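This report concerns only the one structure given below.
The values are calculated or read from the model by the stated rules, or taken from the named source; none is laboratory data. Everything numeric here is computed off the predicted structure, so don't read it as measured data. Quick reminder, even Gly has a Cβ in these numbers, built from the backbone with ideal geometry, and neighbours come from all protein chains shown. Accessible surface areas use protein heavy atoms only, side chains included; no ligands, DNA or RNA. Shrake-Rupley method; radii C 1.70, N 1.55, O 1.52, S 1.80 Å.
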Amino acid sequence: MTAVLAVGTVSVYAAYTNWSKGLKEDLQITQEQQESLQENGMAAFADASVTDAGITVSAQQSITDNYYTYLSFKVEGYNLEEGKQPDFENVNVTVDGKDDFNSGSSFYDGLIVGDDGMCVYADGSALETAADGSIVEHYVMDDGSMEYHMVLAKSDEKGYFIGKKLHVEFENLGTVAQAEYTPDITGKWDLDMTLGGADTSTIIQTEEKLGDTGYTLTSVELSPVSIRVSYDGDDGAENAEVPMPTGLVLKDGTKLGSIYGGPGSFGMDGSKYICSFAFDRVIDPDQVAAVLIPKNVNGGEGDYYQIAVQ
């Protein structure tokens, strides 16, 4: 019996060591959340790797829910000049041969958003500033590698990414400053991986009027990595901006003042106004007590509609 338990422990540990270090930091994923994401099928791992021009790019893993998928790629062999921001010149992504979705991507810079909405280093070290006052970004990890993270979004088609084949083409590697790309390495890295994914959403029905905005919040859909809310609007809502949730209150009293990770979308689904976006961290939907929606765009601390979801 002892031997069997020991083997099982090693097997579980090996699975967790496959996790992208940068993705764990970027999304502030705890050990318990890693276990949950693997057990429910949202997390999937890949072993595709391509080397060209001395640079190796490897697909690491994905985290997928009904409307979003997070992707992590490891980049090895690039000697990044201090103070520079790395970037690929071109990145093309298809899912089952289609590209009818939104996306956001960048190299992971070691910065995350704290509970108070302020930037901090994921490793807890004190913020460093450059001569121009900007925050110093940490793209290179201890082993010399970097990570490239993507979020793909298809908010109008439930389950779009789950179990699908993903193809990514990276072309050329260099640096970028003020949106201007400077070439360095000429190469191409094509990778394929299969996404996991699961419907793990918690849906809360409500009828909360948002003051005099003309909108009534009718449902909140929470997954560990995204939120999707729907509103009814009366005649007065036509000229008012659709309210977007910006924070959460957890059952233990913790207030997450900023949760937007993007990409986000706004639009109509039949007669409903829909707002959807990916989080900047992994959460436990069962631990959410309320959603925070600003009363106005420039609202100060405390100027929120606090919508209970439990």
Worksheet item: For region 175-205, which residues satisfy the criterion of being in a strand (DSSP E or B), surrounded by fewer than 16 Cβ atoms within 10 Å (Cβ to Cβ) and not hydrophobic (A, V, I, L, M, F, W, C)?
Response: 180, 181, 182, 183, 186, 188, 190, 192, 194, 202, 205
Worksheet item: Would you pick out the residues in region 186-208 that are under 26 Å from residue 66 (Cα atoms) and either under 17 Å from the mean Cα position of the chain (by Cα) or among the aromatic types (Phe, Trp, Tyr) (or both)?
Response: 195, 196, 197, 198, 199, 200, 201
Worksheet item: What tally of residues in region 98-119 results from selecting those that are without any contact (Cβ under 8 Å) to a residue 12 or more places away in the chain and either open to solvent by 60 Å² or more (accessible area, probe 1.4 Å) or touching a Cys at 6+ places or on another chain (Cβ under 6 Å) (or both)?
Response: 3
Discussion item. Looking at region 35-55 only, could you name the residues that are open to solvent by 30 Å² or more (accessible area, probe 1.4 Å) and in a strand (DSSP E or B)?
Written reply: 45, 49, 50, 51, 52
Discussion item. With the structure loaded, tell me whether residue 213 is β-branched (Val, Ile, Thr), part of a loop (DSSP other than H, G, I, E, B) and touching a residue at least 12 places away in the same chain (Cβ under 8 Å) or whether it fails that test.
Written reply: yes
Item to complete: Search region 77-92 for residues being in contact with an Asp or Glu (Cβ under 8 Å, 6 or more places away or on another chain) and assigned to a strand (DSSP E or B), and hand back the single one that is least open to solvent (accessible area, probe 1.4 Å).
Response: 88
Item to complete: Sort out which residues of region 253-262 are open to solvent by less than 60 Å² (accessible area, probe 1.4 Å) and modelled with pLDDT of 90 or more, and write them in order of number.
Response: 253, 254, 256, 259, 261
Worksheet item: For region 226-269, what are the residues that are free of Cβ contacts under 8 Å to residues at least 12 places away in the same chain and closer than 19 Å to residue 305 by Cα?
Response: 253
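In region 120-136, what residues are in a loop (DSSP other than H, G, I, E, B) and either open to solvent by less than 60 Å² (accessible area, probe 1.4 Å) or under 15 Å from residue 75 (Cβ atoms) (or both)?
122, 125, 130, 133, 134, 136
Only one residue in 72, 58 is over 18 Å from residue 151 (Cβ atoms), in contact (Cβ under 8 Å) with a residue 60 or more places away in the chain and part of a strand (DSSP E or B). Which one?
So the residue among 72, 58 that is over 18 Å from residue 151 (Cβ atoms), in contact (Cβ under 8 Å) with a residue 60 or more places away in the chain and part of a strand (DSSP E or B) is 58.
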Worksheet item: Quick check: is even one residue across region 130-148 hydrophobic (A, V, I, L, M, F, W, C) and within 17 Å of the chain's Cα centre (by Cα)?
Response: no
Discussion item. Being open to solvent by 50 Å² or more (accessible area, probe 1.4 Å), within 22 Å of the chain's Cα centre (by Cα), over 18 Å from residue 75 (Cα atoms) and touching a residue at least 24 places away in the same chain (Cβ under 8 Å) is the requirement here; does residue 154 meet it?
Written reply: no
Worksheet item: In region 162-185, what count of residues is obtained for those that are more than 24 Å from the chain's Cα centre (by Cα) and charged (D, E, K, R)?
Response: 2
Response to the item:
If we keep only residues of region 137-170 that are of a type in the set (Phe, Trp, Tyr) and part of a loop (DSSP other than H, G, I, E, B), then the residue farthest from residue 279 (Cα to Cα) is 139
Worksheet item: Can you name the condition, by its number, that residue 269 falls short on among (1) of a type outside the set (A, V, I, L, M, F, W, C); (2) under 24 Å from residue 161 (Cβ atoms); (3) at pLDDT 90 or above?
Response: (3)
Discussion item. It is to be established whether one or more residues within region 159-172 are in contact with a His (Cβ under 7 Å, 6 or more places away or on another chain), closer than 23 Å to residue 18 by Cα and of a type outside the set (Gly, Ala, Ser).
Written reply: no
